[in-house]
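Notes to accompany the following structure.
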Amino acid sequence: MGIVIGIDVGGSTTKIVGINGEQIQSPMFITATDPVTSLFGAFGKYIYDNGIQLSDIEQVMLTGVGSAFVDSPLYGLPTDKVDEFIANGLGARHATDIDQLIVVSMGTGTSFVRINGEKIEHIGGMAIGGGTLQGLSRLLLKTHDFRQIAAIAEKGDVTRVNLQIGDICNRPLPDLPVHATASLFGKADSNASQEDIAKGIIYMVLQTIGGAAVLSALNGPIKDFVLIGNLTKFPQCQEVFPNMEKVYGVRFHIPPYAEYRTAIGAALAYTRKCHGFQ
């Protein structure tokens, strides 16, 4: 089998990865002004940087909202599309040996995909994600660059903007420790620093996503959540989700190449089919 290329085409960003056998090969991220430019730029740079010949490629698999703009084979190569939610599930499932889990794909918005053995099912989503974080940061911080937002937030103190249980009660409540958040931005005032606001925005988005993920599995057996997408790169994930694990008694997993898991899943959709899986 030759190299299978998985490409996750967003509105202006494209993630591309090669699967050679079972090996993930050189994931790459490209940004452009439109999805078609982003797609062709990513593909060209990927094969050039990795010394790949077109004849080495067995299949190209596309997914993501931007893939709707592509209706012909890529450079004459065999090209197919895979449902984004299936790609999310396959990419996340490839990173773990857990049979029952929910994939939390933190993109512009957030989607939830439930995996039960070989069954992959989209169960819903929410309009809060990276787009929310960028939009609020444009308004309040005058930047939408993820790296800059994260860097500003590193110096912030979220307890200066978020109201905690300990601020309104001198002892823990049932199932809620004093450090749990009672109200996002509930303590913010007009003198809040840029650093505190940045951290508050990130915490708001991550905590809202985490809480919704937990609710999506309410009254069911699933306690494991695999986080994928660009927001997994925020260092604040290592603060927010471990605290939520303690409060809710669940487990949040961030796999290697978490931001590329949808592209990985697209490639795996082809390799699975070749091995008899549907």
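Screening PRO235 with (1) at pLDDT 95 or above; (2) closer than 23 Å to ASP175 by Cβ; (3) open to solvent by 10 Å² or more (accessible area, probe 1.4 Å); (4) not basic (Lys, Arg) gives one miss only, at (2).
Just to check your reading of the model, which residue among PHE85, PHE29, PHE43, PHE69 is open to solvent by less than 20 Å² (accessible area, probe 1.4 Å) and over 16 Å from LYS273 (Cα atoms)? Break it down stepwise before answering.
On the way: PHE85 fails: open to solvent by less than 20 Å² (accessible area, probe 1.4 Å); PHE29 fails: open to solvent by less than 20 Å² (accessible area, probe 1.4 Å); PHE69 fails: open to solvent by less than 20 Å² (accessible area, probe 1.4 Å).
Among PHE85, PHE29, PHE43, PHE69, only PHE43 is open to solvent by less than 20 Å² (accessible area, probe 1.4 Å) and over 16 Å from LYS273 (Cα atoms).
Answer with yes or no whether THR108 is modelled with pLDDT under 95, open to solvent by less than 60 Å² (accessible area, probe 1.4 Å), under 30 Å from GLN59 (Cβ atoms) and not acidic (Asp, Glu). Against the criterion (modelled with pLDDT under 95, open to solvent by less than 60 Å² (accessible area, probe 1.4 Å), under 30 Å from GLN59 (Cβ atoms) and not acidic (Asp, Glu)), THR108 does not qualify. Here is a check on your reading of the model: is SER105 part of a strand (DSSP E or B) and under 19 Å from the mean Cα position of the chain (by Cα)? For SER105, the condition - part of a strand (DSSP E or B) and under 19 Å from the mean Cα position of the chain (by Cα) - is met. Residue pairs whose Cβ atoms lie under 7 Å apart, separated by 6 or more positions or on different chains, with the first residue in segment 130-141 and open to solvent by 10 Å² or more (accessible area, probe 1.4 Å) and the second not in a helix (DSSP H, G or I), are GLY131/THR108; GLY131/GLY109; GLN134/HIS144; ARG138/HIS144. Considering only residues in segment 203-232 that are without any contact (Cβ under 8 Å) to a residue 24 or more places away in the chain and not hydrophobic (A, V, I, L, M, F, W, C), the one that is least open to solvent (accessible area, probe 1.4 Å) turns out to be GLY220.
The values are calculated or read from the model by the stated rules, or taken from the named source; none is laboratory data. Computed from a predicted model, the values in this text were never measured in an experiment. Glycine gets a Cβ as well: all are built from the backbone with ideal geometry, and neighbour counts include every protein chain shown. Areas reflect the complete protein model, heavy atoms only, side chains present, ligands, DNA and RNA absent. Shrake-Rupley method; radii C 1.70, N 1.55, O 1.52, S 1.80 Å.
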